[in-house]
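The values are calculated or read from the model by the stated rules, or taken from the named source; none is laboratory data. Keep in mind it's a predicted model, so treat the numbers as computed, not measured. Glycine also receives a Cβ, built like all others from the backbone with ideal geometry; neighbour counts cover every protein chain displayed.
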Amino acid sequence: MKIAVASGKGGTGKTTVAVNLSAFSGLKLYDFDVEEPNARIFFSGEERDRPVYRPVPEVGENCNLCGVCKDVCQYNAVVVLKDRVIVFPEICHSCGACIYLCPEKAMKEVDRKIGRIVDVFVDNKNLLTYGELEIGEVSPVPVIKAMKKEMEKDAVIDCPPGVSCPMVESVKAADFVILVAEPTHFSFHDLKIAADVVRSLEKPFGVVINKYGLPFELEQRCEKEGLTVMGKIPFRKEFAEKYSRGMLFEELREEFESIHDAVRELV
Amino acid sequence: MKIAASTAKGGLDDVVIEIFGRAPCFTIVEVDGGSIKDVEVVENENARASGGAGIAAAQLLIDKGVSCVLTGNLGPNAYNVLSSAGIKVYEASGMTVKEAVERMLRGELGGIAPSGGGGRGMGRGMGRGMGRGMGKGMGRRF
């Protein structure tokens with residue numbers, strides 16, 4: 001079973017929930033937030049990494065400067081001069097259209113390193129795998145896709161914030177989605193959007209409220225919106241302290257175990 | 001010789017604007033023997049492109065057979081494409097197109113260095129430099 005932890009709004013507690021859920025359920029943790037992979041801060045162990053590539057075009061010698069590549073490129077990544085073709089690999093989205101449609105078959109795919117996948121071993125056990133995107137890359141999606149390919153069948157996925165491609169790509173891998181929200185107008189606003197996205201992906205989902213107790217009736221509002229609240233992390237100083245020290249919320253073990261049980265029943 | 005100026009509406013009396021890749025249009029002035037022979041206004045279809053607008057604008061001007069560009073600021077990608085094609089770029093923002101062309105012909109205009117990440121070739125990491133350099137809220141729309 002794969003459980004994705006997403007939120008819409010950033011900073012609501014995705015990583016907090018994902019790390020604790022992984023620890024107390026025994027499901028391996030995957031950090032798909034490859035633009036800012038920070039779940040690793042909770043782990044100290046040995047890291048082993050491997051590169052991730054994506055294909056970009058390279059122009060061969062039999063190019064006759066016809067310009068088809070430039071015309072089909074939707075991202076303006078190819079320029080045709082009088083005497084040569086210039087490719088901007090950092091702008092290229094690896095769609096392959098220029099290579100496929102080149103009448104002279106003058107273009108070929110070459111690998112461009114766009115990031116890495118890192119396994120973190122604690123006492124020889126691979127508890128976390130995170131991805132990391134190279135600075136300047138256009139999209140985290142290819143790194144997320146590479147991680148999905150080799151993912152085990154039981155996993156907790158720490159998703160990127162927002163509701164755009166990286167989040168969608170991450171959530172698509174899951175059997176169940178936990179949306180983490182905090183009791184604020186901003187979080188509730190984005191939670192509704194995230195819920196719409198997850199519904200349209202036809203994924204079962206529930207809400208975990210972080211900082212429960214802040215003066216905002218999130219629970220009642222969730223009820224009105226038809227959103228099921230599956231768990232709560234109380235708004236308490238000790239949790240903030242533990243989080244800032246990279247410690248697990250041992251006193252909430254039962255809460256996370258019950259979330260895990262509830263997900264198992266629903267999937 | 002064809003000279004292109006980045007403009008908002010186009011025409012000899014319009015003003016050369018500071019932006020290049022996302023300029024609404026280019027006024028292309030054909031000059032022969034030191035005098036203006038023809039004026040063409042070309043819409044810049046890539047002004048609203050999600051990325052690579054400067055590259056596409058440079059391609060447009062290359063395809064139009066332009067040999068000089070009058071503008072204010074341009075990013076390193078656009079600059080590299082233009083200079084690879086042998087096109088010279090001059091600073092002329094704020095002048096009318098007519099004035100800018102005349103001053104260019106008299107050799108009174110200075111060249112432009114690409115904003116942000118200048119001189120670093122075509123490697124990666126230049127996107128950020130672009131936003132910083134263009135200033136005035138023009139580079140960061142996406």
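Output the residues belonging to the stretch B:46-102 that are polar (S, T, N, Q) and either within 12 Å of another protein chain (Cβ to nearest Cβ) or touching a strand residue (DSSP E or B) at 6+ places or on another chain (Cβ under 8 Å) (or both).
Going through the stretch B:46-102, the residues polar (S, T, N, Q) turn out to be B:46, B:50, B:59, B:67, B:71, B:73, B:77, B:80, B:83-84, B:93, B:96.
Those that are polar (S, T, N, Q) and either within 12 Å of another protein chain (Cβ to nearest Cβ) or touching a strand residue (DSSP E or B) at 6+ places or on another chain (Cβ under 8 Å) (or both): B:Asn46, B:Ser50, B:Gln59, B:Ser67, B:Thr71, B:Asn77, B:Asn80, B:Ser83, B:Ser84, B:Ser93, B:Thr96.
Please give the number of the condition A:Asn38 fails out of (1) under 29 Å from B:Ile87 (Cβ atoms); (2) at pLDDT below 95.
All conditions pass for A:Asn38, except number (1).
Which one of the conditions (1) more than 27 Å from A:Val85 (Cα to Cα); (2) of a type in the set (A, V, I, L, M, F, W, C); (3) in a helix (DSSP H, G or I); (4) at pLDDT below 50 does B:Met130 fail to meet, given that it meets all the rest?
Evaluating B:Met130 over (1) more than 27 Å from A:Val85 (Cα to Cα); (2) of a type in the set (A, V, I, L, M, F, W, C); (3) in a helix (DSSP H, G or I); (4) at pLDDT below 50 leaves (1) as the failure.
Which of the residues spanning the stretch A:62-73 are out of contact with any Leu (no Cβ under 6 Å at 6 or more places or on another chain), more than 9 Å from chain B (Cβ to nearest Cβ) and at negative phi? Give the derivation first.
If we filter the stretch A:62-73 for residues that are out of contact with any Leu (no Cβ under 6 Å at 6 or more places or on another chain), which is where we start, we get A:62-67, A:69-71, A:73.
Of the ones still in play, those that are also more than 9 Å from chain B (Cβ to nearest Cβ) are A:62-66, A:69, A:71.
Answer for the stretch A:62-73, where residues must be out of contact with any Leu (no Cβ under 6 Å at 6 or more places or on another chain), more than 9 Å from chain B (Cβ to nearest Cβ) and at negative phi: A:Asn62, A:Cys63, A:Asn64, A:Cys66, A:Cys69, A:Asp71.
Being among the small types (Gly, Ala, Ser) and not assigned by TED's automatic domain parsing to the domain that holds A:Phe188: is that true of A:Gly162 here? Please lay out each step first, then the result.
Numbers: among the small types (Gly, Ala, Ser): yes; not assigned by TED's automatic domain parsing to the domain that holds A:Phe188: no.
Criteria not met by A:Gly162.
Taking A:Val208 as the residue in question, decide whether it is assigned to a strand (DSSP E or B) and either in contact (Cβ under 8 Å) with a residue 24 or more places away in the chain or within 22 Å of the chain's Cα centre (by Cα) (or both). Write out each step before concluding.
Details: assigned to a strand (DSSP E or B): yes; either in contact (Cβ under 8 Å) with a residue 24 or more places away in the chain or within 22 Å of the chain's Cα centre (by Cα) (or both): yes.
Taking the combined requirement at face value, the residue satisfies it.
Give the residues of the stretch A:211-261 that are touching a residue at least 60 places away in the same chain (Cβ under 8 Å) and acidic (Asp, Glu), sorted by residue number.
A:Glu257
Taking the residues in the stretch B:80-112 that are over 20 Å from B:Lys64 (Cα atoms) and free of Cβ contacts under 8 Å to residues at least 12 places away in the same chain as candidates, determine which candidate is surrounded by the fewest Cβ atoms within 10 Å (Cβ to Cβ).
Looking at residues that are over 20 Å from B:Lys64 (Cα atoms) and free of Cβ contacts under 8 Å to residues at least 12 places away in the same chain, I get B:Gly107.
How many residues, within the stretch A:204-228, are under 19 Å from A:Phe176 (Cβ atoms) and either touching a Leu at 6+ places or on another chain (Cβ under 8 Å) or surrounded by 18 or more Cβ atoms within 10 Å (Cβ to Cβ) (or both)?
Taking the stretch A:204-228 and keeping what is under 19 Å from A:Phe176 (Cβ atoms), we get A:204-210, A:222, A:225-228.
Checking which are either touching a Leu at 6+ places or on another chain (Cβ under 8 Å) or surrounded by 18 or more Cβ atoms within 10 Å (Cβ to Cβ) (or both) leaves us with A:204-210, A:222, A:227.
Final tally of qualifying residues: 9.
Those residues that are touching a residue at least 40 places away in the same chain (Cβ under 8 Å), among the charged types (D, E, K, R) and more than 11 Å from every other protein chain (Cβ to nearest Cβ), I need them from the stretch A:82-125; list them, please.
Answer for the stretch A:82-125, where residues must be touching a residue at least 40 places away in the same chain (Cβ under 8 Å), among the charged types (D, E, K, R) and more than 11 Å from every other protein chain (Cβ to nearest Cβ): A:Glu104, A:Lys105, A:Lys108, A:Glu109, A:Asp111, A:Arg116, A:Asp119, A:Asp123.
So A:Gly136 fits all but one of (1) within 14 Å of chain B (Cβ to nearest Cβ); (2) buried (at least 19 other Cβ atoms within 10 Å of the Cβ); what number is the exception?
(2)
Looking only at the stretch A:100-133, which residues are surrounded by 18 or more Cβ atoms within 10 Å (Cβ to Cβ) and within 21 Å of A:Val78 (Cα to Cα)?
Residues satisfying the conditions are A:Cys102, A:Ala106, A:Met107, A:Arg112, A:Ile114.
When A:Asn62 is evaluated against the numbered criteria (1) in a loop (DSSP other than H, G, I, E, B); (2) surrounded by fewer than 18 Cβ atoms within 10 Å (Cβ to Cβ); (3) out of contact with any Asp or Glu (no Cβ under 6 Å at 6 or more places or on another chain); (4) not assigned by TED's automatic domain parsing to the domain that holds A:Asn210, which criterion, by number, is the only one it fails?
(3)
Can you tell me which condition A:Val79 does not meet? The list is (1) within 10 Å of chain B (Cβ to nearest Cβ); (2) not in a strand (DSSP E or B), and all the others hold.
(2)
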